[in-house]
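Worksheet for the structure shown next.
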Amino acid sequence: MTHPLDPYLRPETLPTPFCPGCGCGIVASAFLRAARELGHSDLSGFVFVSGIGCSSWIPSPHFKADSIHILHGRSIPTAMGVKAVRPELEVVVFGGDGDLASIGLGHLVHAARRNLEVLVIMVNNMVYGMTGGQLAPTTPRGAVTATSPYGNPESPIDMVRTLAAAGASYVARGCVAYPRHLEKLMLEALQASGFRFVEAVSTCTTHFQLMLGTKSPVEALKKLRELVEFRDVMQGPREGRLPLGSWRPPGRRPGFVESLRGLR
Amino acid sequence: MKPRFMQGNEACAEGAILAGCKFFAGYPITPQSEIMRYMAEKLPKLGGVYIQAEDEIAAICSVIGASWAGAKAMTATSGPGFSLMQEALSYAVMTETPLVVVDVQRLGPSTGQATKCGQGDIMQSRWGRHGDQTLVVLAPYSPQEMLELTARAFSIACKLRTPVIVLSDETVAHMREEVYIPEGLEAPEPPRPKPGEAEFFGSREPAGVPPMPRVGDGFNVMVTGSTHDSRGYRKTADPQVHRRLVTRIVAKIESREPELRDIDYYGVESPELLLVAVGSAARSVKEAVRRLLSRGVRAALFRPRTLFPFPASTLSQLAEEAKAVLVVELNLGQLIEEVRKHIKPPCRVEGLNKIGGGEPIAPSEVEKAAARLL
Ligand code: SF4
């Protein structure tokens with residue numbers, strides 16, 4: 001039996017090691033469907049870079065493509081090195097909220113400021129999954145996690161608005177509870193240029209059920225729909241609900257690698 | 001051949017360019033600044049890429065990315081920045097990524113005396129990383145060697161698919177001397193795979209160097225710092241795969257000590273007093289040895305330009321007849337620990353050490369220490 005996404009995957013790595021009901025599979029499929037829609041019959045021409053965390057395993061080892069699985073938080077500068085040397089390649093970064101919005105945040109802001117020509121896909125499950133459900137910089141205020149037993153005393157960061165302010169050419173937020181919309185955002189991002197950021201609000205069925213108060217992956221996905229809503233992403237979260245949609249700044253800024261080449 | 005009057009740091013950058021370096025990323029830190037400035041000016045004109053990174057971690061990680069994209073790539077830093085790069089260097093060892101890091105040592109710990117000379121990173125260069133690993137460390141002591149050893153670092157990095165450290169110091173980096181530019185400094189490409197090959201992380205040879213594809217060339221290469229099999233697949237629990245991989249990566253360097261060996265030896269053949277030093281400290285020692293020899297003292301300087309893998313067997317042989325070995329360092333005693341391991345009693349091993357204010361060790365101080373030992 002074949003699946004339409006088979007040409008993009010390494011069959012020997014399936015099934016994935018993700019827990020049943022994890023959002024990572026939906027994010028992977030949304031990306032691959034978007035690539036297919038754009039006419040890519042395989043992933044040659046793409047290079048994937050990821051850090052450490054569950055979602056960093058989406059491209060490595062599952063995608064039949066070149067991939068660099070680098071240090072925790074350092075996918076962005078690694079991608080910068082690849083893109084600067086081989087500008088003809090489409091460089092895509094996958095990572096989690098811990099990897100990109102905590103330890104790797106500084107690099108991400110600078111990549112947006114430079115308008116580095118890469119696409120960054122951040123799977124935001126609001127928690128550290130791989131290490132056992134610890135607090136993340138995206139965890140809602142008050143939430144109980146493995147390391148916030150009395151409730152999270154911190155406020156979460158809005159990565160979409162942060163990166164828009166830093167100079168991104170395209171920012172978007174989708175949700176694994178709305179896979180078709182997420183796929184549409186990936187398609188837009190792949191067609192845009194410069195620094196592009198897509199956040200995919202996701203679930204960690206293993207560690208976040210507790211916080212969501214749900215008992216099954218299906219329930220968790222339903223619950224996720226209560227945490228998001230379709231409206232202007234630049235307005236930010238309201239009453240605990242994250243806005244879904246996309247935004248791009250007016251006009252076009254030159255890309256970083258494009259500018260580097262211009263120095264010659 | 002007409003020499004050029006060059007500063008150590010400039011010679012280092014020029015050596016990298018002559019070796020074929022096409023990517024440099026760095027973060028400002030004294031006393032390596034002239035390397036960055038030189039690269040920023042020259043690389044774009046040569047079709048290369050220069051990037052000022054947001055920090056040292058970004059610098060080394062972009063160098064790793066550039067290396068996998070096919071460029072000869074380098075960064076330069078000093079002690080504190082070198083510490084920040086260690087995690088990524090461990091990754092480069094594990095993934096067999098060729099790259100060059102120049103560490104122009106200054107006086108730590110911490111910010112210490114940031115503009116002054118010190119040699120406090122000798123052990124950091126060899127042991128600063130987590131996990132079982134090794135890499136190659138070269139130690140220049142003049143602008144001429146800054147040029148030649150930096151070029152050689154690229155050549156070793158590419159041939160052996162390994163990070164190579166050029167361990168310099170503030171004095172060597174900032175001095176100006178005549179530099180002759182030799183021919184043939186261009187480094188080879190790393191071994192590249194033939195179409196259809198798929199084993200980029202393993203070898204039948206216990207110390208083999210597997211071929212390294214570039215990303216974007218259709219090999220579907222998977223690069224990971226987790227334990228991986230010869231095809232790059234993560235194997236995070238299999239004891240055999242881990243043993244095989246890490247043992248080969250270490251053996252790849254250690255077993256090649258004879259061919260990597262590069263020693264500047266100056267003095268009598270079987271000395272009663274053997275002096276060991278690298279970098280700027282070795283310059284004073286050389287002068288001291290010259291004076292000792294003229295007074296009839298059977299002395300010699302042993303200066304390993306390839307500092308690691310350490311030329312242990314050569315040192316042991318040379319010291320066979322010696323009464324004493326004196327290790328001269330601008331720190332409180334680091335290289336002496338390595339030397340001690342390879343010297344047998346009754347030969348004594350003593351240190352002459354100095355720190356603070358960037359003061360060099362004077363040849364007369366070396367002579368005095370030598371007199372005490374004989
Ligand atoms: S721990 Fe959470 S994020 Fe990780 S695979 Fe399991 S469900 Fe997914």
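Taking a sphere under 13 Å around the Cβ of residue A:103 and counting the other residues whose Cβ falls inside, with K and R at +1 and D and E at -1, yields a net charge of -3. Each of A:212, A:191, A:176 was placed along the dipole of the stretch A:172-227 (beta-carbon charges, centred on the mean Cα), and the one lying farthest toward the positive end is A:212.
For the stretch A:10-106, the relative contact order works out to 29 percent when only alpha carbon pairs closer than 8 Å and six or more residues apart are counted. Buried area at the B:A interface is about 3000 square angstrom, summed over both chains, from accessible surfaces computed with a 1.4 angstrom probe. When the charge dipole of the protein assembly as shown is built from unit charges on Cβ atoms (+1 for Lys and Arg, -1 for Asp and Glu) and taken about the Cα centre, the candidate among A:126, B:218, B:265 whose Cα reaches farthest toward its positive end is A:126. The H on the amide N of residue B:263, modeled in the peptide plane, is under 5 Å from the matching H of B:305, each at least 5 residues off or on a different chain. Rounded to the nearest 20 debye, the dipole size of the stretch B:263-373 about its Cα centre is 140 debye, using +1 on the Cβ of Lys and Arg and -1 on the Cβ of Asp and Glu.
Summary of the geometry: the stretch A:217-264 and the stretch A:92-166, compared by the centres of their Cα atoms, lie 13 Å apart. Taking amide H as placed 1.01 Å from N in the peptide plane, the amide H of residue B:276 sits under 5 Å from that of B:302, B:326, B:327, B:328, each at least 5 places away or on another chain. Of the residues B:15, B:58, B:114, the one whose Cα sits farthest toward the positive end of the charge dipole of the stretch B:4-179, with +1 on the Cβ of Lys and Arg and -1 on the Cβ of Asp and Glu, is B:15. Placing +1 on each Lys and Arg Cβ and -1 on each Asp and Glu Cβ, with no other charges, gives the stretch B:295-343 a dipole about its Cα centre of roughly 180 debye.
The relative contact order of chain A, computed from alpha carbon pairs under 8 Å that lie at least 6 residues apart in sequence, is 18 percent. Within straight-line reach of residue A:222, meaning a Cα separation under 25 Å, sit the following lysines at least 8 residues removed in sequence or on another chain: A:184. Note on chain A: with a GNM built from Cα contacts shorter than 10 Å, the maximum mean-square fluctuation among A:122, A:130, A:159 falls on A:130. Of all stretches in chain A that contain no GluC sites (Glu not before Pro) in a DSSP loop with at most 10 other Cβ atoms within 10 Å, the longest one is A:89-238. Taking a ≥ b ≥ c as the square roots of the eigenvalues of the Cα gyration tensor, the stretch B:114-153 is oblate, since a/c reaches 1.5 or more and a/b is not larger than b/c.
Other residues lying with their Cβ under 12 Å from the Cβ of residue A:238 contribute a combined charge of -2, Lys and Arg counting +1, Asp and Glu -1. In the elastic network of chain B, a GNM with C-alpha springs shorter than 10 Å, the most mobile of B:285, B:246, B:166 is B:246.
Straight Cα distances below 18 angstrom link residue A:83 to the aspartates and glutamates A:66, A:117, A:258, B:54, B:217, with same-chain residues fewer than 8 positions distant left out.
Could you give the dipole magnitude of the stretch B:4-179 about its Cα centre, charging the beta-carbon of Lys and Arg +1 and that of Asp and Glu -1, in debye to the nearest 20? So the dipole magnitude of the stretch B:4-179 works out to roughly 340 debye.
Surface composition of the stretch B:263-373: carbon plus sulfur atoms contribute 48% of the solvent-accessible area (1.4 Å probe, protein chains only, all chains present).
Here the spin labels are modelled as points 7 Å beyond Cα on the Cα-Cβ line, and at residue B:110 and residue B:294 they lie 4.5 nm apart. With a/c under 1.5 counting as rounded, go ahead and sort the stretch B:4-179 into rounded, prolate or oblate using the C-alpha gyration tensor (a ≥ b ≥ c being the square roots of the eigenvalues; past the cut-off, prolate if a/b is larger than b/c, else oblate). Here the stretch B:4-179 falls in the rounded category. Taking amide H positions as modeled 1.01 Å from N, with prolines and chain starts lacking one, the residues under 5 Å from residue B:192 and 5 or more places away or on another chain are B:212. Computed over protein heavy atoms with a 1.4 Å probe, the accessible surface of the protein assembly as shown works out to 38 Å² per residue.
Calculated [222 nm] ellipticity per residue, helices only, for the protein assembly as shown: -10000 deg cm²/dmol; basis is -39500 (n - 2.57) per DSSP H run with n ≥ 4, divided by all residues, nearest 500. Among B:67, B:155, B:294, the largest mean-square fluctuation in a Gaussian network model of chain B, built with springs joining Cα atoms closer than 10 Å, belongs to B:294. The distance between label points at residue B:40 and residue B:177 comes to 2.8 nm (points 7 Å beyond Cα on the Cα→Cβ vector). With everything on Cα atoms, drop me the angle between helix B:143-160 and the longest principal axis of chain B, reported from 0 to 90° to the nearest 10. Helix B:143-160 sits at roughly 40 degrees to that axis. Per residue of A:57-63, other chain Cβ atoms within 10 Å of the residue Cβ number 3 on average. Taking a point 7 Å from the Cα of residue B:33 along the Cα-to-Cβ direction, the residues of the stretch B:104-122 with backbone N closer than 12 Å to it are B:115.
Spin-label model, residue B:320 to residue A:188: label points 7 Å out along the Cα-to-beta-carbon direction sit 7.8 nm apart. Listed values for the stretch A:237-247 are Karplus-derived 3J(HN,Hα) couplings in whole Hz (6.51 cos²θ - 1.76 cosθ + 1.60, θ = phi - 60°), namely x, 9, 6, x, 9, 8, x, 10, x, 9, 8, and x replaces Gly and Pro.
The values are calculated or read from the model by the stated rules, or taken from the named source; none is laboratory data. Since the structure is predicted, the reported quantities are computational estimates derived from the model, not experimental observations. Quick reminder, even Gly has a Cβ in these numbers, built from the backbone with ideal geometry, and neighbours come from all protein chains shown. These accessible areas exclude ligands, DNA and RNA; they are computed on the full protein's heavy atoms, side chains included. Shrake-Rupley method; radii C 1.70, N 1.55, O 1.52, S 1.80 Å.
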